[in-house]
1. Can you tell me the order of 140-148, 162-170 when each peptide is scored by its average per-residue count of other Cβ atoms within 10 angstrom, highest first?
2. How long is the gain from residue 284 to residue 148 if the chain were fully straight, where each residue apart is worth 0.36 nm and the alpha carbon distance is subtracted?
3. Taking neighbour counts of Cβ atoms within 10 Å as a proxy for exposure, in what order, fewest first, do 258, 275 appear?
4. Could you line up 92, 70, 216 from fewest to most neighbouring Cβ atoms inside 10 Å?
5. Once R0 is set to 30 Å, what does the formula 1/(1 + (r/R0)^6) return for the Cβ-Cβ distance between residue 302 and residue 276, expressed as a FRET efficiency to the nearest 0.05?
6. Could you give the length gained on full extension between residue 73 and residue 269, defined as 0.36 nm per residue of separation minus the Cα-Cα distance, in nm?
7. Find the centroid of the Cα atoms in segment 147-172 and in segment 93-112, then give the distance between the two in whole Å.
8. With each pseudo-label sitting 7 Å past Cα toward Cβ, what's the residue 196-residue 213 distance in nm, one decimal?
């Protein structure tokens, strides 16, 4: 192996490792830290504001320091608004969001010139316009990829909340069957779960209690912040029970069942869509196998 080939392989491996680590870090959903939970209990806004880095659990924001807060403050000036509700749902901060976008864009801008230099060492010469245009295109593409990551992760988080909400509704109905009041039933049912969804619900209920509001107001605020409208339905049902003294256990169980049916229908529709996407690749693979099978006979026929 020549020195040029060894350099080419080493540079390619380094670039590939850097791309893997960058995308892996961008795709990982941050776990909430204790200061974040205490901030929610105190009622401090988590959405639409840039908090100090040391109060966040976003590794990208922590690594960027004050530069991340500066970048987040400059995004609206260029017409880009951070999706606050989606970021809070997946555990990102506006500073981390801005740093991810800038970091991905810088990586895209540097990747093509680096690849061009590696090819130049290997003896492949490209016109100047190719690395320049490639750098701009890749930087713009990776800059926008962050928005797609946020959208997909937020959609997945909302799906998890809706699935966990089915169990929460069943637990609340059981608490109501045990003659507990609406407030007690909502809070104790949330305390039974150990997932992050139950943690968010419990935080919303405790925040409402500390603010002197009824618990269903906390659920309504959580529904508005997360985009999960089914939480608002639970709040409406609990408010009716508190005001009119109605028995809501059957209503909660019926709502949980209807939500399960809705989620199952969405899963079936998604599975059908994925199956349809496989039709073309399978057909092309069958055609390729058929051509490979017929090639010897066709070659002998054409040679004769």
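Taken together, the values in this text are just the output of simple stated rules run on the coordinates, not laboratory data. What you see is a predicted model; the values in this text were computed from it and never measured. Because the Cβ atoms are built from the backbone with ideal geometry, glycine has one as well, and the counts that use them run over all protein chains shown.
1. Details: 140-148: 15.4, 162-170: 19.3.
Going from most to least packed, we get 162-170, 140-148.
2. Numbers: separation 136, 0.36 × 136 = 48.96 nm, distance 2.92 nm.
Length difference between fully extended and current span is 46.0 nm.
3. Details: 258 13, 275 9.
Arranged by neighbour count, lowest to highest, 258, 275 become 275, 258.
4. Details: 92 29, 70 13, 216 24.
With the fewest neighbours first, 92, 70, 216 line up as 70, 216, 92.
5. On the way: r = 38 Å, r/R0 = 1.26.
The formula returns an efficiency of 0.20 here.
6. Working: separation 196, 0.36 × 196 = 70.56 nm, distance 4.05 nm.
Length gained between residue 73 and residue 269: 66.5 nm.
7. Comparing the Cα centres of segment 147-172 and segment 93-112, I get a distance of 27 Å.
8. 2.3 nm
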